[in-house]
Amino acid sequence: MDLINYIRDIPDFPKKGILYKDISPLLKSKKAFSYTTEQFYMRHKSNKIDLVVGIEARGFIFGSSLANKLNCGFVPIRKSNKLPYDTFKQTYNLEYGTDTVEIHKDAIGNKNNILLIDDVLATGGTVSAAIELLENFNCELLECLFLLELSFLKGSDKILNRKKNYFSLLKV
């Protein structure tokens with residue numbers, strides 16, 4: 001299936017000069033969304049996965065669907081001040097400013113096998129911050145998963161520099 005046909009370009013969003021990759025058409029399509037989840041599932045169905053960790057907001061969509069298929073738990077990484085309990089926080093740069101993400105301090109158990117998932121890998125700032133959050137736990141990050149990688153922004157360098165594995169279904 002050619003998933004790129006389900007992603008539309010939105011120029012100058014969220015600010016002038018940014019070409020936003022909108023995955024809403026993919027999410028709306030039962031066929032494309034199911035295919036996407038199945039591809040992630042097939043990569044890890046034989047691995048022991050304890051938790052899928054999804055990055056706000058669209059990582060929640062893919063992450064919870066994948067966790068359900070893998071019969072494991074789901075943990076959210078949220079934007080700052082959205083979680084009600086004690087958290088670890090990490091601030092990072094992105095292509096149009098800065099942001100902070102957080103995770104509950106009790107979210108991940110000792111030696112849990114983790115998959116980290118988000119929709120788009122751009123500059124790598126968000127995923128790098130998420131990896132730093134996961135370093136607060138004694139867990140094993142097996143792989144970072146993405147629907148789409150904007151390879152010209154070289155975000156994968158930040159993952160590889162941390163000696164982590166990653167996989168993107170699409171690269172543009």
Region 1-134 - share of DSSP beta bridges that are antiparallel (%, nearest 5): 60 percent
Residues with amide H under 5 Å from that of PHE74, placed H, sequence gap 5 or more: VAL52
Projected-area average for the chain over all orientations - Cα convex hull basis, square nanometres: 9.5 nm²
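Nothing charged except the Cβ atoms of Lys and Arg (+1) and of Asp and Glu (-1): what's the magnitude of the dipole of region 37-97 about its Cα centre? Round to the nearest 20 debye.
Using only the charged Cβ atoms, the result is roughly 80 debye.
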Order by protection proxy (mean Cβ within 10 Å, highest first), peptides 59-66, 110-117: 59-66, 110-117
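Which whole-number percent is the relative contact order of region 36-171 (Cα, under 8 Å, 6+ apart)?
This gives 23 percent for region 36-171.
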Among GLY109, SER64, PRO11 - extreme Cα towards positive end, dipole of the chain, charges at beta-carbon: SER64
The chain, dipole about Cα centre (Lys/Arg Cβ +1, Asp/Glu Cβ -1), debye to the nearest 20: 260 debye
Nonlocal amide H pairs with THR87, under 5 Å, H built at 1.01 Å: LYS105
Theoretical ellipticity at 222 nm over the chain - DSSP helices of four or more residues, -39500 (n - 2.57) apiece, nearest 500: -8500 deg cm²/dmol
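Scan region 42-138 for GluC sites (Glu not before Pro) in coil per DSSP, keeping those whose Cβ has at most 16 other Cβ atoms within 10 Å, and list them by number.
Those that pass, being in a loop and sparsely packed, are GLU95, GLU135.
Throughout, read-outs are computed from the coordinates displayed, never taken from laboratory work. Note that this is a predicted model, so its numbers are computed, not measured. Note: ideal-geometry Cβ built from the backbone for every residue, glycine included; neighbour counts use all protein chains shown.
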